[in-house]
Every structure is written in C-alpha cells, then in structure tokens.
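The values are calculated or read from the model by the stated rules, or taken from the named source; none is laboratory data. Every value quoted in this text rests on a predicted model; they were computed, and no experiment measured them. Here the Cβ positions follow ideal geometry from the backbone for every residue, glycine too, while neighbour counts run over all protein chains shown.
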Amino acid sequence: MSVRELGRQYSAITAELESLRGRRSNIPSAMLDLRDTLCSALRIAPDSLPFIGELIQVRDDERAWEGAAERLLHNFGLSLLVPENDYGAVADWVDGTNLGSRLVYYRVRAQVAPEQRNLHPAALARKLAIKPDSTFYAWIDAEIARRFDHTCCDTLDQFRREKRAVTRNRQIKAGGERHEKDDHHRLDDRSRYVLGWSNQAKIAALAKQERDLTTRVQAHTAHIQALKGEVNGQNALLGS
C-alpha cells in the first residue's frame, strides 16, 4: 500500500475519531450527518429520530456473542426510527431529496400490539438489551424477537439441527436452508460496530488503528528516504 493511500486511511480514521469523541453514538459520522440534515430541514430534534443501533446493545454477560450480534444487526442498527407524528414530513423530505447514500427508516405507530413469541432459551434476541428509557422500547422489543430469534449455537452439531441459527464465528442459517458467513472484516473489528449507547470501546479501537497507521506511514517514509539516499549516492558516484 502506498504512502498516499495510508495517508487517506489515516485522515478518514482521524476524522471519525474526532466525531466520536464529541458524541456517544457508534453510528458512522456520515449517517449522523444525514440525520442532522434531515432534522434541520424539518426542525425536528435529532434525538426524536434515533438510529436503532443507538438503542440496542449486547448484554454485558453475553459479550462473547458481540461480534455475531453486530454482524446480524448491522443494517438494522443503521436504520432510523420515525414516530407516527413525523412520518409524513420525513417521507416527503426523503422522497424529494437526493440523499447521496442509502437510508432505511421505519414508521413507528403509536400502538404496538404485543406479540407472544416462544423464543429459544439461547436466542440471540435474549442476549440484547434495549435502552430502558426509550420511547421506542416496545417496538424494538417486538422487532428483535421477530427478526433475531436465531439460536446461538456453541457447537456445529447444534447449528446443523436448528432452523435459524448463528455461531460465534458469524455463520448464519435462516429458514433451514440458506447459510451465510461474511469474513470481509475481522470478528473483533470494533471500528465497524454500530450498536450501543456508549462508544468508548469503538474510540479505543480506532485510536489503535490510528497509531498503527502512523507507524506504517513513518516506516514507509523512512524507507523512501533511504532509497532516495541510495539513488543520490549512486548518482554522485557516476558523476565523479
């Protein structure tokens, strides 16, 4: 990788770190900027349109499943919740605006009908905590029970038996037939995490990436300078 590319990565991480240190959300700054633009145009407080990821986190006693939960809930966590009273204005604004990116939002009606679901004792939904004071608590509780009832399997024998399942290594089974495993990013790469109402762990992960990139840039720069010195030395010998 070139010094220029490393420099671009460093700038992106530095900008995201600066944004993270000024807030508590794990949602990427580009998504937060989009929400700010929407809310500013409609004169709505940003807290009134939360991202789902800001209201869910993995329970402290289930951290071993954090990577799997982040994989399964990533897109869901990046979705906005829109109260019924704001739905019309938000729908109009989104339809008439070139967003420049992808936005998913959910209309949350005033009443959420309770739904009884017999969740497996090891269901992923049971390993998640919802922000207690959220006005969207009932809606989120019903949705995670419906969407994320995957059984968290400690063994592949159990994984093969279950109809909807997930392993710690993020292999996912849905409908008994469809299987998926996405290893584009490391299981413990907290820089991509979006869940939770505290971002200290994400800040620490990005700060480490920033330090590592600084070391790599310095090493590349020193190597280039050494090569230039060798070339200059050779040129001096040829001209003497």
Out of (1) exposed (fewer than 13 other Cβ atoms within 10 Å of the Cβ); (2) among the polar types (S, T, N, Q); (3) in a helix (DSSP H, G or I), what's the single condition that is false for residue 158?
(1)
Condition test on residue 47, is it under 18 Å from the mean Cα position of the chain (by Cα) and either surrounded by fewer than 16 Cβ atoms within 10 Å (Cβ to Cβ) or of a type outside the set (Phe, Trp, Tyr) (or both)?
no
Among the residues of the range 90-107, are any in a helix (DSSP H, G or I) and touching a Lys or Arg at 6+ places or on another chain (Cβ under 6 Å)?
no
How many of the residues in the range 77-98 are surrounded by 13 or more Cβ atoms within 10 Å (Cβ to Cβ) and not small (Gly, Ala, Ser)?
11
Conditions (1) more than 30 Å from residue 172 (Cα to Cα); (2) assigned to a helix (DSSP H, G or I) -> residue 23 fails only (2)
So residue 108 fits all but one of (1) under 20 Å from residue 64 (Cα atoms); (2) in contact (Cβ under 8 Å) with a residue 24 or more places away in the chain; (3) touching a Phe, Trp or Tyr at 6+ places or on another chain (Cβ under 7 Å); what number is the exception?
(1)
Condition first: outside any helix (DSSP H, G or I), under 18 Å from the mean Cα position of the chain (by Cα) and in contact (Cβ under 8 Å) with a residue 24 or more places away in the chain. Can you find one or more residues in the range 27-39 that meet it?
yes
Among the residues of the range 135-154, which ones are surrounded by fewer than 18 Cβ atoms within 10 Å (Cβ to Cβ) and more than 27 Å from residue 171 (Cα to Cα)?
135, 137, 138
Mind listing whichever residues of the range 65-97 are under 10 Å from the mean Cα position of the chain (by Cα) and of a type in the set (D, E, K, R)?
70, 71
Could we say that residue 222 is part of a helix (DSSP H, G or I), free of Cβ contacts under 8 Å to residues at least 24 places away in the same chain and under 18 Å from residue 73 (Cβ atoms) here?
no
Output the residues belonging to the range 192-217 that are surrounded by 12 or more Cβ atoms within 10 Å (Cβ to Cβ) and closer than 15 Å to residue 9 by Cβ.
192, 205, 206, 207, 208, 209, 210, 212, 213, 214, 216, 217
Examine the range 6-15 for a residue that is touching a residue at least 24 places away in the same chain (Cβ under 8 Å), within 17 Å of the chain's Cα centre (by Cα) and not assigned by TED's automatic domain parsing to the domain that holds residue 212, and state whether such a residue exists.
no
Report whether or not residue 173 is in contact with a His (Cβ under 9 Å, 6 or more places away or on another chain), among the basic types (Lys, Arg), in contact (Cβ under 8 Å) with a residue 12 or more places away in the chain and not in a helix (DSSP H, G or I).
yes
